[in-house]
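Read-outs: derived from the displayed coordinates by stated rules, not from any lab. Here the structure is a predicted model, which is why all the values come from computation and not from measurement. Cβ placement follows ideal geometry from the backbone for every residue including glycine, while neighbour counts extend to all protein chains displayed.
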Amino acid sequence: IKDWNEKLHEIVEKAPDWDIGYLVGVPAWCQMCMEMIIEHYKLNTIHDIWPNLGFFVHGGVAFEPYKKGFEKLLGKPIIYIENYLSSEGFIGYKDHEKAKGMKLILDNNIFMEFVPFNDKNFDNDGKMVENPEALMIHEVEEGKDYALLMSTNSGAWRYLIGDTVRFVDLERNEVVITGRTKHFLSLVGEHLSVENMNKAIELVSEEFNICIPEFTVVGYPYENLFAHKWYVACDDPIDPNVLIQKIDEHLCRLNDDYATERTSALKEVFIEKLPEETFLKFMETKGKLGSQHKFPRVMKGKMLQDWNEFLKTYTASA
């Protein structure tokens, strides 16, 4: 079944026939699927229909922004296992529940190089310079962000996969994904990463007991200085002004550069709270509805133009 809406409805219809112990997939789509099943069969939790569900294997995006909404659908705790895969190969996975990060697979026909993610190797748009500094596995350091280059036996040669990773355990070669090379904001030196954004969303979700399954951030000139604007998907009742105030406070604590610029060149931070459906409809217009596609955490260029045009027409027709 190619149509994702049709696929989800088919899963809902077949749900009572299955004894599900493992769920594997992208958090947003698995969460949506469970919500549809719970609503259709008038259940309290997904465990009412799948009592043996005990594991969720996820990847593709950071799970933290989804975790609060995900756990509301459960009747009991489950085990979460993160993996790191791509079209070019299987890169890593958490090999035990208490792992700090995902263990890189270094013996499966993928040669990895690590480019320090800094101003020396990348421009302001996240584009890698020619002849960047590239390190091998024995040269990396804990606590620093690297862009990942991959060469494989199937023909990929020093392919920039687009993710940034940070080593959290050198002895075990464990990493966490901290963002994307082109998904960060640094208009005035605030160096706001996707990792910062995800953590802020995780914290406000916990604080207000709300679910924010999607969000994106844009930066632009504002009154001779600069501003950020957050678009958040949230179907729970929450005052947007309170929400953005807390997001801003958390970011100031998480990122010293951001805190400094909030007192100078980064004059304002705005927010627009939207239904989750808005984000899904936009992806549908781009032909990117489905588990293989992720909503960009930072909007720039043509994608931002399309997003602004979409919001004008979609909100007008809603």
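Distance in nm between label sites at Trp157 and Met136, each 7 Å beyond Cα in the beta-carbon direction?
Spacing of the two 7 Å Cα→Cβ label points: 2.0 nm.
Are any of the pairs Lys68/Lys273; Lys281/Lys302; Lys72/Lys103; Lys127/Lys229 more than 20 Å apart by Cα-Cα distance, and if so, which?
Violating the 20 Å limit, Cα to Cα: Lys72/Lys103; Lys127/Lys229.
Please compute the length gained on full extension between Tyr222 and Tyr80, using 0.36 nm multiplied by the number of residues separating them and subtracting their Cα-Cα distance.
Values: separation 142, 0.36 × 142 = 51.12 nm, distance 4.18 nm.
Contour length minus the Cα-Cα distance gives 46.9 nm.
Using the Cα atoms of the chain, I'd like the radius of gyration and the largest Cα-Cα distance, Dmax, both in angstrom.
20.3, 61
Given the C-alpha centroids of the range 117-180 and the range 212-227, what is the distance between them in whole angstrom?
If you average the Cα positions of each part, the centres end up 27 Å apart.
Tell me the label-point distance for the pair Ile20, Asp169, using the 7 Å Cα-to-Cβ offset, in nm and rounded to one decimal.
The modelled label-to-label distance comes out at 2.9 nm.
Under the rule that an exposed site lies in a DSSP loop and has at most 13 other Cβ atoms within 10 Å, name the longest stretch of the chain with no GluC sites (Glu not before Pro) of that kind, not counting the sites themselves.
With a cap of 13 other Cβ atoms within 10 Å, the longest stretch comes to 1-96.
What's the exposure ranking of Cys211, Cys252, going from fewest to most Cβ atoms within 10 Å?
Cys252, Cys211
What chymotrypsin sites (Phe, Trp or Tyr not before Pro) in the range 118-222 are in a loop by DSSP, with at most 15 other Cβ atoms within 10 Å of the Cβ?
Those satisfying the criteria are Trp157.
Whole-Hz ³J(HN,Hα) for each residue in the range 108-123, computed from phi via Karplus 6.51 cos²θ - 1.76 cosθ + 1.60 with θ = phi - 60°, x for glycine and proline: what do you get?
Along the range 108-123, the couplings run 10, 6, 10, 9, 10, 10, 10, 9, x, 8, 8, 5, 6, 9, 9, 7 Hz.
When the scattering of the range 185-317 is computed by the Debye formula from its Cα atoms alone, each counted once and equally, what is log10 I(q)/I(0) at q = 0.10, 0.12, 0.16, 0.21 Å⁻¹?
Listed by q, the Debye log ratios stand at -0.32, -0.47, -0.84, -1.37.
So how long is each side of the range 4-77 along the principal axes, counting just the alpha-carbon atoms, biggest first, in Å?
30, 28, 19
Tally Lys and Arg at +1 and Asp and Glu at -1 over the other residues with C-beta under 12 Å from the C-beta of Asn241: what net charge comes out?
-1
Output wanted: per-residue J couplings in Hz (rounded whole) for the range 146-161, from phi through Karplus 6.51 cos²θ - 1.76 cosθ + 1.60, θ = phi - 60°, x for Gly and Pro.
Karplus-based 3J(HN,Hα) across the range 146-161 equals 10, 8, 9, 9, 10, 10, 10, 6, 9, x, 5, 10, 6, 7, 7, 6 Hz.
Normalised by the number of residues in the range 4-77, what is the relative contact order in percent for Cα pairs under 8 Å and 6+ residues apart?
Reported relative contact order: 38 percent.
For the range 57-176, what is the largest minus smallest coordinate of the Cα atoms on each principal axis, given in angstrom and ordered from greatest to least?
Here the spans come out as 52, 33, 27 Å, largest first.
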